[in-house]
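Have a look at the structure below, then the notes.
Derivation of every value follows stated rules applied to the coordinates shown; laboratory data play no part. This is a predicted model, so every value here is computed, not measured. Cβ placement follows ideal geometry from the backbone for every residue including glycine, while neighbour counts extend to all protein chains displayed.
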Amino acid sequence: MPIPDHGRVRKQQFHDRLGILHHSYLHRKLKERFPAAFNTRWTRRHWLHASLFATLGALLATIVPGFSSQLQPTSLTQATLPLQLPPLTVHSAGAAEGSYWDVVQVERGQTLGQLFEEIGAPAATMHRILENPANREALTRLRPGAEIAFRHDEHGALRGFRFDRSPTERVELDLQGEAIHEKVLERATTTRVAVTSAEIDHSLYAAGRKAGLSPAAIAVMTDDIFKYDIDFKDVQPGDRFSAVVEETWREGELVGTGKILAATFSTDGKTYTGFRYERNGKTEYFTADGRPLKKSFIRMPIPYARLSSTFGSRRHPVLGTMRMHKGVDYAAGTGTPIMAAGDARVAFVGQQRGYGNVVILDHGRGYTTLYAHMSRFGKERKGQQVAQGTVIGYVGSTGLATGPHLHYEFRVNGVHRNPLSVTMPPPEPLKGADLVAFRAATAPALARMESMEKMMFAQADSAKAKKDKRG
C-alpha cells in the first residue's frame, strides 16, 4: 500500500482554496461594475433587448467590411491603342468634295467690292452676280452684321457665293465658269409680340433704338400715330413711351421689328394712345374708344414751311391794290413737295389766271381745298381719289407771284375760311359692329402695354424718389 505524500496533498489543498478565493473576488467585482439587470434573474424584456443588440452587431459585421473594401485603393491598368481618324475638313452641308465656305460678317462702311478684294475674288465675278436686279438691290445695301459667304475649291478658286436676300430667303449661287446657277433657300421665321418701354434722356430716336425699335418703327410713331397730337420738336427728357410690336425671329435670332400694334406717349403731363386696326382693307390708328387718330385735315400742306402771308385784307404784292387774301401763303423753295390736306377726290388740275398752276380737292361734306402757283403737278388726274399726305404738286411761282410759295385756300360750302383758325371737322368714330370688333382685336395689346408700363414706370418712379430723398 503506497504511502501518501502529505506535502503534495497540502499543496493541492492550498491551490484549491486559492482558486475559490479568486472566483469569489471576481464575482464580487462583476456585481459592482455591471448593472443590476445582469446580476439578477433576466426577464423577457432583457432577452428581447439582448436579441436586438445581437442582430445589430451581425449587420455591422456584414456592412463594414464592404465599406472598407471600397476605400481600399484599386490598381488600374491603362493601355493606349492606336486609332486611325479621318482628316479634319471644313465642309459645309451640300458643299462639293474638297471645297469649303469662307464666312464673313459685314462691318460698318464695308462694300461688296471691298469684301471681294479682301477675299481675293475677281471683280468680274462680282459684276456678273450684280447683273441680277434682285441680287443688286440686296448686295448694294449691305448692313453691318450681315453675313455673306464665299465657297472655294481645293485650289482656292471661287466656286460659290451665298447671301441673305431677305429675312426669309437665303440665296446660294453656284459659279461654274461664265454660268451662274441660283438656288433660293427658304429660311423659317417666327413672329412674336413684344412690349418695349423707355424714358427719353436726350432724343426720341436714341431712346427708341435703345429700346429695340427699328428706325422704321420710330417713324411710324412720329409720322403716323402721334403726328396730329404731338409736336416732336418739343419732346423733353423724362417723356415716356411704350409700344407693342411684332418681332421677326429666325433660328433664335431677332432679325427685325415689324408692325406697331399699339403705342402710348406721355409728354407735358398728358398721355396719348394709339391702336392699329384695319378697316375696309386700310390700316389706321385709333384711340382706345375707337376714334381715329388721323385728323380729317392737316393744317400745313408743306411741313416746316414759313408762313409768309396771312388770311384777310392786304395790299396785293404784284397789283399794288387792296384786296381780300382768301388764303394763306407758305414760302418754300421751288420744287418743295405739296401734300393733300385730307382724303379727297381731285376736282380740278390746270391753270387759273393769277393762280398759275392749280389743284382743287373735294373732301366731301362741303369741304374743298385749293393749292396755287405750283411749278409742276403730281401724277394725280381729275376724278382720281387721293389719300391725305399724297404729293399732288410742287412749289413754284407760276401766275401772279413775286417768288416761289404755295397759296393755300380752305373752303366750307364755297365760303373761304382761315385755314389756321377754322375748326376742322372731327373724323368719324367706329360704331356698332366695327367698334365691337376693334375692342376685341386691341384688348390683348392694351393688357400687355398696361402691364409693362406698371412694372417699368413704377421702378423708374421708385428710383427717382430714392434719388430725390438722398439729395
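Maximal additional length on extending the Thr334-Glu251 stretch stands at 24.9 nm, based on 0.36 nm per residue less the C-alpha distance. Too long at a 18 Å Cα-Cα cut-off: which of Lys294/Lys382; Lys227/Lys295; Lys233/Lys270; Lys270/Lys454; Lys259/Lys282? Where the Cα-Cα span goes over 18 Å, the pairs concerned are Lys294/Lys382. Going from the fewest other Cβ atoms within 10 Å to the most, the residues Met339, Met374 appear in the order Met339, Met374. As a rough footprinting exposure proxy, the listed residues Ser397, Ser203 were ranked by other beta carbons within 10 Å of their own, and the order from fewest upward is Ser203, Ser397. Available extension along the chain between Tyr228 and Gln176 is 13.0 nm, counting 0.36 nm per residue and deducting the alpha carbon span. Protection proxy ranking, highest mean first, for peptides 251-261, 104-114: 251-261, 104-114, where packing is the per-residue count of other beta-carbon atoms within 10 Å, averaged.
Placing a label point 7 Å from the Cα of Ser166 along the Cα-to-Cβ direction, the residues of segment 105-146 whose backbone N falls under 13 Å from that point are 134-135, 138. Here Ile298, Ile119, Ile225 are placed in order of increasing Cβ neighbour count within 10 Å, fewest first, which gives Ile119, Ile298, Ile225.
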